[in-house]
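S.K.: This is the structure I have questions about; it appears just below.
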Amino acid sequence: MTAAITMTSRTTAEHELAELQREHGAPLYALMLRLSDGDRQRAEDLVQETFVRAWQHPEALRADHFDSVRPWLLTVGRRLAIDARRARQARPAEVGDAVLESARVAADHAERSVASLDVREAVKTLTPEHREVLVQVYFRGASVAEAAAALGIPAGTVKSRAYYALRALRRVLPGYAADLR
């Protein structure tokens, strides 16, 4: 007998809530849509949460001191919308996947250290002539003319040795080929 009473009261509560939704759902949704700046999904979530609150507090809906429950529903919905807006403003802005895909990934200290060790070992495999040119042009930042004067060789020779040195490094460091172009 208790199960039948519980089942009847649950069915009655669900019926009353469905009736509330039919009668007050459209105006409540219109208000939530306006308060959520036209975001339909957010407005639907707010309407749903408002009806959940109505289901949790049936005593507020059955009060005899007002003719309609619509003001109560609109007030609860408005307060939920305000709370949701404040919560969104308190969090940092979300970024989309496109922003993350285009963001540069900075190598950490460990990766840079390993890369510099790899490059040092690869430079040791070069001939002394090629190594001297790379040290002058890439590590010390000298121009072709400055490197030619420092090494006592023509500028064209500096260019060709730099070209062949980088080509040799690409073979020794295949994973870094994109960085050596």
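S.K.: Mind telling me which of the residues Val158, Val123 ends up being touching a Lys or Arg at 6+ places or on another chain (Cβ under 7 Å), open to solvent by less than 80 Å² (accessible area, probe 1.4 Å) and part of a helix (DSSP H, G or I)?
M.R.: Numbers: Val158 fails: touching a Lys or Arg at 6+ places or on another chain (Cβ under 7 Å).
None of the other options fit; the residue is Val123.
Residues are listed down the side, and each one gets a yes or a no for (1) farther than 10 Å from Ala81 by Cβ; (2) within 30 Å of the chain's Cα centre (by Cα):
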position	(1), (2)
Glu23	yes, no
Ala26	yes, no
Tyr29	yes, yes
Met32	no, yes
Gly38	yes, yes
Ala43	no, yes
Val52	yes, no
Gln56	yes, no
Ala60	yes, no
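S.K.: Just for region 139-155: of the residues that are touching a residue at least 12 places away in the same chain (Cβ under 8 Å) and of a type outside the set (Val, Ile, Thr), which one is least open to solvent (accessible area, probe 1.4 Å)? Explain how you work it out, then say what you get.
M.R.: Step one: filter region 139-155 for residues touching a residue at least 12 places away in the same chain (Cβ under 8 Å), giving 144, 147, 150-151.
Remaining after also requiring of a type outside the set (Val, Ile, Thr): 147, 150-151.
Values: Ala147: 0, Ala150: 69, Leu151: 53 Å².
Checked region 139-155; the qualifying residue least open to solvent (accessible area, probe 1.4 Å) is Ala147.
S.K.: Say whether the condition of being among the small types (Gly, Ala, Ser) and either at pLDDT 95 or above or open to solvent by 50 Å² or more (accessible area, probe 1.4 Å) (or both) is met by at least one residue in region 162-178.
M.R.: Within region 162-178, the subset among the small types (Gly, Ala, Ser) is 162, 165, 168, 175, 177-178.
Checking which are either at pLDDT 95 or above or open to solvent by 50 Å² or more (accessible area, probe 1.4 Å) (or both) leaves us with 175, 178.
Checking region 162-178: at least one residue is among the small types (Gly, Ala, Ser) and either at pLDDT 95 or above or open to solvent by 50 Å² or more (accessible area, probe 1.4 Å) (or both).
S.K.: Continuing with this model, one more query. Are there any pairs with C-beta distances below 8 angstrom linking a residue in region 118-135 that is under 12 Å from Ala168 (Cα atoms) and small (Gly, Ala, Ser) to a residue that is open to solvent by less than 60 Å² (accessible area, probe 1.4 Å) and in a helix (DSSP H, G or I), with the two at least 6 apart or on different chains, and if so which?
M.R.: Close Cβ pairs satisfying both conditions: Ala122/Leu169.
The values are calculated or read from the model by the stated rules, or taken from the named source; none is laboratory data. Remember, it's a predicted structure, so these values are computed and weren't measured experimentally. Every residue, glycine as well, gets a Cβ built from its backbone with ideal geometry; the counts of neighbours run over all protein chains shown. Remember, those area values only see protein heavy atoms, side chains included, never the ligands or the DNA or RNA. Shrake-Rupley method; radii C 1.70, N 1.55, O 1.52, S 1.80 Å.
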